[in-house]
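Quick notes on the structure that follows.
The values are calculated or read from the model by the stated rules, or taken from the named source; none is laboratory data. As the structure is a prediction and not an experimental result, all values here were calculated from the model. No Cβ is skipped: glycine too gets one built from the backbone with ideal geometry, and neighbour counts run over all protein chains shown. Heavy atoms of the whole protein, side chains included, go into the accessibility calculation; ligands, DNA and RNA do not. Shrake-Rupley method; radii C 1.70, N 1.55, O 1.52, S 1.80 Å.
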Protein chains: 2
Amino acid sequence: MSSALVGPQTAKRASAKRAAKESRPARSVPEATVARLPVYLHALTALADTGVRTVSSGDLARAAGVKPAQLRKDLSHLGSYGTRGVGYDVVNLAAQIGLRVGDSQPWPVIIVGLGNLGRALANYAGFRSRGFPVVALVDAAPEVVGGRIEGLPITSIDDLDATVAATGATIAVIATPAEAAQRVCDQLVAAGITSILNFAATVLTVPSWVRVRKVDVGQEMQILAYHEQRKGPAGLPGAPAVAHFAEGES
Amino acid sequence: MSSALVGPQTAKRASAKRAAKESRPARSVPEATVARLPVYLHALTALADTGVRTVSSGDLARAAGVKPAQLRKDLSHLGSYGTRGVGYDVVNLAAQIGLRVGDSQPWPVIIVGLGNLGRALANYAGFRSRGFPVVALVDAAPEVVGGRIEGLPITSIDDLDATVAATGATIAVIATPAEAAQRVCDQLVAAGITSILNFAATVLTVPSWVRVRKVDVGQEMQILAYHEQRKGPAGLPGAPAVAHFAEGES
DNA sequence: GCTTGTGAATCTGTTCACAGCA
DNA sequence: TGCTGTGAACAGATTCACAAGC
């Protein structure tokens, strides 16, 4: 589990700045930027579909819901794909971002857990269309195994190793109940999965080479509720509160 | 659109540091902390269920997947609910966080869009159990309206104003196709909704007093794919890669 | 003219390290 | 002796503002 084997950020402290300065052509895009690339790509695709050829940082930023300066800074981490005085070539920029985001190849995905959510995900068309074909459906319940969804058979969790090997998947989606999530996660990791999208309401413990992203609807709701809470007691809706400057919506 | 009336963090720009120093007892919890409160609450609830009475920042941090210092800093924004040399009282701390997260009252929720995802969400039990009863299901398609899910009737989007007024909901979930999302969003806002959880793959434009959180499965996948991309070409799995500095997984 | 790309300034969040207290 | 709570140091991300270039 959290046994040593770490060694990560070991010599990071001391070396840092000076060492990284030369020899490297500026690798690594900031994580915050990576998280926005899909948004930019989506906006660019929409623009391309409507026949727009070039777009300015201002326009693209508006479509993506960010500020122009942020967009330019983000894109600058990828390279210089714009033309001063003109803007960005929509198709070319989309291609460049697509490259980074792995659009050039399909990423086969395994879905584990076929309750309500798992089934909805298995039927979700946007999955395949975005380059993530669902190649296997896995569950533990004997009465579920053997069924089919969208023509794809549901296989047993006991055959996970074979399933992963056969499909070549490296990404998995966990849509099981919270109690089963960690166990399933361990099995996925053992089978060679290195990226996991976790819909279960649990914190997963994984080795350092495995990346997990969590989607927790309940938590999102609670974050919204936190802010609703603030509003309620303060001022009545409709009644103009005191000062306030409009926010530019992030 | 960006008219205005919030009231909170009002004169922030100009005043800043100097002014904020005195008179204010440190209001407002950082957004990053707010996003973690639900995780802490979940971990505490689990601990309480197993009968644990007190917990140290180290143990709770491990359960929540953060560092102890981070947990203490986060909790310090809420007040001093721990006991030096001992730890935190599980039940009391859970109560305090629950208070902030709005656990004390139910937050009725409306779900708009009853395709695969909407139906899965409507059936999602964890919704109600976390204090977010689904009080209305809304769709636009005539052939869907009139049906029932979990005993709840599906009403027409045309009756939205009445539905919101009747239920008193302030939070809504958008699970429509992307094309319909902005239109639905506008209608929700007009009806009085002030918090939205958006599952559609679009950036929503809303007035400043409305809060939106987005859940986009496709985007999450692309973020995972971005990192998979880095790994792939570099070294074979199993074969120790060259240099390579391990990242410290957050 | 116009818009990009980027250093510098700022803001936000995280981590350290230790004083304060049971 | 612990473990919390927190100032101070650090790191990361955002925003500003302007030089560079079409």
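Legend: residue pairs A:67/B:214; A:67/B:231; A:231/B:214; A:67/B:73; A:214/B:231; B:73/B:231, Cα-Cα distance threshold 26 Å; pairs beyond threshold, A:67/B:231; A:67/B:73; B:73/B:231.
Residue A:156 to residue A:99: FRET efficiency via 1/(1 + (r/R0)^6), r the Cβ-Cβ distance, R0 41 Å, to the nearest 0.05?
In this case the efficiency is close to 0.65.
Sorted shortest first, the separations between the residue B:86 label point and its copies elsewhere in the assembly read 7.0 nm; each point sits 7 Å from Cα along the Cα-to-Cβ line. Volume per residue of the convex hull around the Cα atoms, evaluated for region A:31-100, comes out as 74 Å³. Heavy-atom surface analysis with a 1.4 Å probe gives region A:109-218 a carbon and sulfur content of 54 percent of its accessible area. Rounded to whole numbers, the Karplus 3J(HN,Hα) couplings from phi for region A:127-132 are 4, 5, 5, 8, x, 10 Hz, using 6.51 cos²θ - 1.76 cosθ + 1.60 with θ = phi - 60°, and x at Gly and Pro.
For residue B:152, the distances from its label point to the matching points in the remaining copies are 2.8 nm, ordered from shortest, with each point set 7 Å beyond Cα toward Cβ. Region B:136-184 and region B:55-110 have Cα centres spaced 35 Å apart.
Sorted shortest first, the separations between the residue B:51 label point and its copies elsewhere in the assembly read 7.3 nm; each point sits 7 Å from Cα along the Cα-to-Cβ line. Summing +1 for each Lys or Arg and -1 for each Asp or Glu, what net charge is found among the other residues whose Cβ lies under 14 Å from the Cβ of residue B:187? With Lys, Arg at +1 and Asp, Glu at -1, the neighbours total -4. Considering only the Cα atoms of region A:108-238, their convex hull presents on average a projected area of 10.5 nm². For the chain pair B and A, the buried solvent-accessible surface (1.4 Å probe, both sides summed) amounts to about 6700 Å². Mean projected area of the convex hull spanned by the Cα atoms of region A:91-131, taken over all viewing directions: 3.3 nm².
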